Structure formats: structure tokens, C-alpha cells
Amino acid sequence: MSVRLRALIGAVCVAVLGALLPATAAHAAGRSVQGGRLDWGIKSSFQSYVTGPIAKGSYSLTGGAATVGAGQFRFHSATGTYDGDTGAFSAAFSGGVHFVGHKEADGGYQLDLTISRPTVRVSGGSGTLYADISSKAKGTGAVTTSSQVPFASLSLGGIDMKGGGSTVQLNSLPATLTSQGARSFAGYYTAGTALDPVSLSADVLPAATTPKATATPTPEATKSAQKKETSGAIANGAVDWGVRRTFREYVTGDIAKGEWTLSSGAQDGGALFRFPRGEGTYGKSDRSLEAEFAGAVRFTGEQGLDLALSGVRVTVEDARGTLYADVAGAGLDGEKVALVTFTAKDLTPRDGLVELTEAPTKLTARGAKAFGGMYQAGTVMDPLSFAVALTEDATLPALPDLGSSATGSASPSASAKAAETETDTTGTDTTEAAASTSGGAPVLPIGLAAGFLLLAGAVYAFVLRGRRARRAAAVPDED
């Protein structure tokens, strides 16, 4: 091959590879994971045992965890990192499940287990699920609390985690109890026991860019940006309440076969509804509160189900709280009803916020009528949380973040389908898996590789024609 031909083809190679390298470099650093959910039933037979005729127990959800489907718990608000080059993935999810059973004479329980903050880590083709565990040992009753126990091994089944999309999704990963998990499971199961499969979806943020330099604020600007108290008036606020978990399950279950719809700014946080834009007053001297919130939720279904709650109002006086709502349905159309009561002992402002987190609630007599007699007065309803801002710059707690979609999609492909991606209905790219490697050399995307070969072939043909022409004219070729 002549010097000229080699130089020209070499220049083409440099140009093509130069166009490819910036795209490759975009995935060189780990990207942040924010928003998503993990669905896991832990172990369905354990759930049945806890709630069955032997243990006669129950479970409750904490930290915004929800139930989805039959025996599935949903943990929310993923945070972590994902490296598309290596496939390394780590995401921690919020929420927990508290199991109790075998009630004792003193009101305690022989079985008392809490599993919370599940974290999935994948590296080098293997995965592990970690969790915070608080358990009472079977037999001795000794209580042990441990943080991020390697609870279960996850089988990836040849899934290639490499890629560069905007979502990581893993469906129905087989899970096996580890030896550490068996010890923290209070001795109910041995290491190697199959647990329920794990599914997750997590949003991956774009690669971080270098922030632009900002000017140092002047003392005058700093002073004007200081917190401005609202003199007792509430600047903003939100109430988070799921009504009742079993009621939501009844609405969407096989009997009512219904649904709920949100309007007027209400938001769905998975295990709760958020009623935003709080307005009202807070009493600094007596820690009292009176606030109205926007938003409405309507439950509809078969068996005559049609119940709407709106105009939510919260009052607190002498540490006793009440949540009111305008009720449409159950013969109470348009009536403001005191639905539930709760205790609010400490409403001391902190960082410009007055907060109450997961306060137990009980149904009132009028509230029982609002639910058509489905529950009796005094029934425990879902815990209630609220936050009201007393300063203009105070930030309300975030709602549970379920990611870009409320439902899962196809799991990552095996290595045989490593180059496939799909686009979901929201228009975002879902990484099922990315290009694999062979012998340490990157595999070019098919379109770009084909284009490169065509371009190189065209250059070679062009130079070859030139050589033939020169030979015909008896011009010596340059070697």
C-alpha cells in the first residue's frame, strides 16, 4: 500500500474515531441515581405465617413504603450511582416493613422483625441486597439492630449491566438468603433459603457538568436573602396521608375493582397522598395550628364505591390534632367532616418548619359514617405527616420519588442481546443492556461501524482509481 493511501485512510480513521470518542467518554464517570422503586415481598410464606392462625400477627409499613399487587412491598426514592462502562450499580431505597406475631401477655410480641432501607449493589456480574434489620431472636428474645446487613444474594442470570441509558431496570431477580441474613432473620430460615424475587427501576441522571462560577454575593444581597418570618402566617405547607392501606387494597382489589383519581394539585406518593399549598396560621406561644390544604382524591369502583375527599384542614390545639375533609359520598355530600384524630406533642419550629411525622390516627364516629360503616369509630387509619413553612425559604420534605414511571418494564437483556435498548412511553431511553466487549476492545455500534467500513472502502477505491490512472499515463507511483 502506498504512503499516500495509508495516510489518507489513517486520516479517515482518526476522523471517525474522533467522532466516536466523545460519546464514549460521556460514560466514563459514574452517574447519579435518583428516583425509582424496588418491589419485593421478602418471603411470601413468611407473610402468610405472620398473618395466619399460628402467629396471629400483622405487618405495618414505615417511611412511605407501600403495597403493590399481591404481597409485594414497594420501597421508594432510590439514591446511588451507576457506571455504564463497568456496569457497577448501587441504589438505596427508602421505607420499611415491620412484622409482629405471637402476642405475649404483656402486650409485646415473640416475633418482632423490621426490614428497611433495602440497598442493591451490583458489581462484576453479581448482586447483593443489603438492608437495615431489627429483630427479636427466636427463643431467646434478644433484640439485635444492624445496619446494611448483606441479606440476600441476587442472581443476575447473565444480564449485562453495561450501558448508558436513563433508566436501570431489573425484573424478578432470584434472591437467596445469606448466612448473615439468616442470623438477622431471627432464626426462622437457614442460609440458602429462596426468598421472593426482587424487581427494581431507578432513574439515572445525565453526567454532571462543570458548574459555572458565580459571583460572591454582596453583604446587601446576603441580608435581603435572609429568612423572612411570616409573623404566624404559613408560607407553605403539605399534608401526607394514605387514608388506610387496606382500604386502598380494597379499592383496587378483586371486589371493588376500582381506582382512585387525584385532582386540584393532590399528588400520589405511592403509600400516601399529598395535599399541598397549605395556608393558615401557627401559634408560637401555644404551638397551635390551623391550616387548609389543596387537592382532592376520589375513590370509585364496584359495589357502589364512590367517595371523594377534598378541602383538607388540619387543626392542633393542646397537642390534640384533627384532620377534616369535605366528603362527597356516603350521604355526606359537601359536609366538612372530622375524619381522624391524632396526637401532636412537639410542634417546635426547626429550620423554619413545623413538622409532624407519621403520627398514628384514629377514625372518628363521623369519619366511620364517611366510609359507609366499613370501619368502626376508633379504627386505626394510616399515619399522618405534615409540614408547614414559617419562613419564605423553608423547604418542605420531598414526596416519595417513584421515578419516571409507576410500573416496571422489561428486565435487562442477557449478553446475547447486549446492544438492545428500548424507548418507553414517556420518551426516555431505557437501558436494557449496552454494547459488550471482546478482547478488551470496544465493540462499535453497528451503524457507526458499518459507516466507517463504507467510508474507508470508498477512500480506498478512490485512491486505487488514481493509481490506475497514473499508471496509464506512465507516471511513477510514490512508495
Over 28 Å between Cα atoms, which of 56/136; 56/345; 257/362; 43/369 qualify? 56/345; 43/369
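Order these peptides, 103-110, 242-249, by their mean beta-carbon neighbour count within 10 angstrom, highest first. List each step's numbers first, then the result.
Working: 103-110: 11.0, 242-249: 18.5.
Highest mean packing first, the order is 242-249, 103-110.
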Put 241, 260 in order of accessible area, largest first, probe 1.4 Å, and you get 260, 241
Cα-Cα pairs of the range 317-397 separated by more than 17 Å (percent): 54 percent
Evaluated over the range 343-383, the Cα radius of gyration and Dmax, each in Å: 14.0, 42
Testing the spin-label approximation: label points 7 Å from Cα along Cα→Cβ at residue 261 and residue 380. State their distance in nm. 3.4 nm
Label-reachable residues, the range 341-381, where backbone N falls under 13 Å from a point 7 Å from residue 62's Cα toward its Cβ: 358-359
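Please sort 353-360, 53-60, 113-120 by packing, taking for each peptide the average over its residues of neighbouring beta carbons within 10 angstrom, highest first.
Values: 353-360: 17.5, 53-60: 14.4, 113-120: 22.4.
In descending order of packing, they fall as 113-120, 353-360, 53-60.
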Grab the Cα-Cα distance for residue 246 and residue 104, subtract it from 0.36 nm times how many residues apart they are, and report the gain in nm with one decimal. 48.6 nm
Zone reached by a paramagnetic label modelled 7 Å from residue 317 Cα along Cα→Cβ, restricted to the range 335-350 with backbone N below 18 Å, covers 336-347
What translational diffusion coefficient, in µm²/s and rounded to a whole number, does the Stokes-Einstein relation yield for the range 287-337 at 20 °C and a viscosity of 1.002 mPa s, taking the hydrodynamic radius as the Kirkwood radius over Cα pairs? 179 µm²/s
Sorted largest first, the Cα spans of the range 45-99 on the principal axes come out in Å as 51, 21, 17
Return the long-range amide H neighbours of residue 326 (sequence gap of 5 or more, or a different chain), with a cut-off of under 5 Å between placed amide H atoms. 310, 311, 312, 337
So the compactness index of the range 114-178, its C-alpha Rg divided by 2.2 N^0.38 Å, takes the value 1.38
In range of the label at residue 148: residues from the range 83-115 whose backbone nitrogen is under 17 Å from the point 7 Å along Cα→Cβ: 83, 88-95
With no solvent and one equal point scatterer per Cα, compute the Debye intensity ratio I(q)/I(0) for the range 56-182 at 0.12, 0.14, 0.21 Å⁻¹ and report its log10, rounded to two decimals. -0.53, -0.69, -1.30
Amide H neighbours of residue 364 under 5 Å, at least 5 residues apart or on other chains, H built in the peptide plane: list them. 340, 341, 378
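At a Förster radius of 30 Å, what calculated FRET efficiency corresponds to the Cβ-Cβ distance of residue 284 and residue 393, to the nearest 0.05? Before the final figure, lay out the partial values.
Details: r = 18 Å, r/R0 = 0.62.
Efficiency, from the Cβ-Cβ distance: 0.95.
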The alpha-carbon pair-distance distribution computed for the range 350-408, with 10 angstrom bins and whole-percent values, is 20, 27, 28, 24, 1
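The values are calculated or read from the model by the stated rules, or taken from the named source; none is laboratory data. All of these numbers come straight from a predicted model, not from anything done at the bench. All Cβ positions, even for glycine, are placed from backbone atoms using ideal geometry, and neighbour counts span all protein chains on display. Ligands, DNA and RNA are stripped out before the accessible areas are found, and what is left, the full protein with its side chains, is counted by its heavy atoms. Shrake-Rupley method; radii C 1.70, N 1.55, O 1.52, S 1.80 Å.
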